């Protein structure tokens, strides 16, 4: 599996998928595997509807029980998904805190001070100088296919079982869809906008564009289920950094035409997606044209089914967190709870960094 734990200083630009870095055994010898552990899970919106993506919809996965921010006082471990933007009170020691890096550095570069509050970070990018453990992994971003964003926050519209058992629609159109925003923050943002606009001009009747600034939809599933092919255009091409864009296409039984993560074939069967290189837009255009003209969808269906099953069973944030915890737990020091401390948001570190810079003594000329 493409998960790798390593010390931050042993940098490998192309890590193999094995778990290879041993963690010193400094625990107390207690058999933790036999215990039910409670995992506090905190996200920017603190919406617990996503617990529906555990098999029984109750936040339980194997010997782990995930709970929301209101039950952090019961938790043995803490999992934080990105920067929540607010302080998090906790008695859980740093050694049992995990941080998922949910955005590439081009979009959000977290300060070292913020990430140092966590004993382990999970993601596909390095944080220079970080002293803890890092797992190479996709960011386990919550997918959008099985729900929608409402005025009350995220609402799950399909249960784990409903999603798992959803059959492939028999009436899919031979067309390609994409859900897109008009963001231009990164080079990949700009390249995908140029590509989609050119694609629309070439295939006006067979390219369906949805999203902010385009045709609006209430649920992302409505932009995927009716079509055989779906453009999954990431905002970066960092190894391991595939996101819900790829996941949503697979969940909707569409063949993803994917531009982004360079090692996605380490996660899913090669026939479950079609790679696209937006740096060569003419070649990318020809790739889409061949798909629409030859229509090989049925030849890819078995691979899509395999990838889809793997996605649901192995690649939710809960499944990834479980693997990380089970891998490091035997050598993880089961420190006693702290007296209580506050995990500060990234903005707090940025503020004090500016203050220190402002009051730093100026060098005298000459």
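The values are calculated or read from the model by the stated rules, or taken from the named source; none is laboratory data. Since the model is a prediction, treat every value here as computed from it, not as a measurement. FYI the Cβ positions are ideal-geometry reconstructions off the backbone, even for glycines, and counts take in every protein chain you see.
Tabulated results
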| read-out | value |
| --- | --- |
| Lone unmet requirement of (1) modelled with pLDDT of 95 or more; (2) out of contact with any helix residue (DSSP H, G or I) (no Cβ under 9 Å at 6 or more places or on another chain) for residue 100 | (2) |
| Qualifying residue in region 284-305 (condition: modelled with pLDDT of 95 or more and under 22 Å from residue 159 (Cβ atoms)) | yes |
| Residues of region 259-289 satisfying the condition of being touching a helix residue (DSSP H, G or I) at 6+ places or on another chain (Cβ under 6 Å), part of a helix (DSSP H, G or I) and without any contact (Cβ under 8 Å) to a residue 40 or more places away in the chain | 271, 272 |
| Options 61, 78; residue that is touching a helix residue (DSSP H, G or I) at 6+ places or on another chain (Cβ under 8 Å) and within 30 Å of residue 113 (Cβ to Cβ) | 78 |
| Pairs where the first residue, in region 116-135, is at positive phi and the second is surrounded by fewer than 22 Cβ atoms within 10 Å (Cβ to Cβ) and modelled with pLDDT of 95 or more, C-beta under 9 Å, 6+ apart | 129/116 |
| From the options 302, 295, residue that is farther than 22 Å from residue 242 by Cα and surrounded by fewer than 17 Cβ atoms within 10 Å (Cβ to Cβ) | 295 |
| Candidates 125, 107 - the one that is outside the structural domain of residue 218 (by TED's automatic domain parsing), at pLDDT below 85, part of a loop (DSSP other than H, G, I, E, B) and within 17 Å of the chain's Cα centre (by Cα) | 107 |
| Residue 225 being in a loop (DSSP other than H, G, I, E, B), modelled with pLDDT of 95 or more and farther than 24 Å from residue 103 by Cα | yes |
| Residue selected from region 56-72 under the condition within 24 Å of residue 327 (Cα to Cα) and touching a strand residue (DSSP E or B) at 6+ places or on another chain (Cβ under 7 Å), by the criterion surrounded by the fewest Cβ atoms within 10 Å (Cβ to Cβ) | 63 |
| In region 212-235, the residues that are surrounded by fewer than 20 Cβ atoms within 10 Å (Cβ to Cβ) and touching a helix residue (DSSP H, G or I) at 6+ places or on another chain (Cβ under 8 Å) | 217 |
| Search result, residues across region 73-103 that are surrounded by 15 or more Cβ atoms within 10 Å (Cβ to Cβ), touching a residue at least 60 places away in the same chain (Cβ under 8 Å) and in a loop (DSSP other than H, G, I, E, B) | 83, 84, 92, 93 |
| Some residue of region 347-359 being part of a loop (DSSP other than H, G, I, E, B) and either closer than 21 Å to residue 93 by Cβ or modelled with pLDDT under 70 (or both) | no |
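Results for (1) surrounded by 18 or more Cβ atoms within 10 Å (Cβ to Cβ); (2) over 27 Å from residue 124 (Cα atoms), shown as yes or no for each residue.
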site: 146; (1), (2): yes, no
site: 149; (1), (2): no, no
site: 155; (1), (2): no, yes
site: 160; (1), (2): yes, no
site: 166; (1), (2): yes, yes
site: 174; (1), (2): no, yes
site: 178; (1), (2): yes, no
site: 188; (1), (2): yes, no
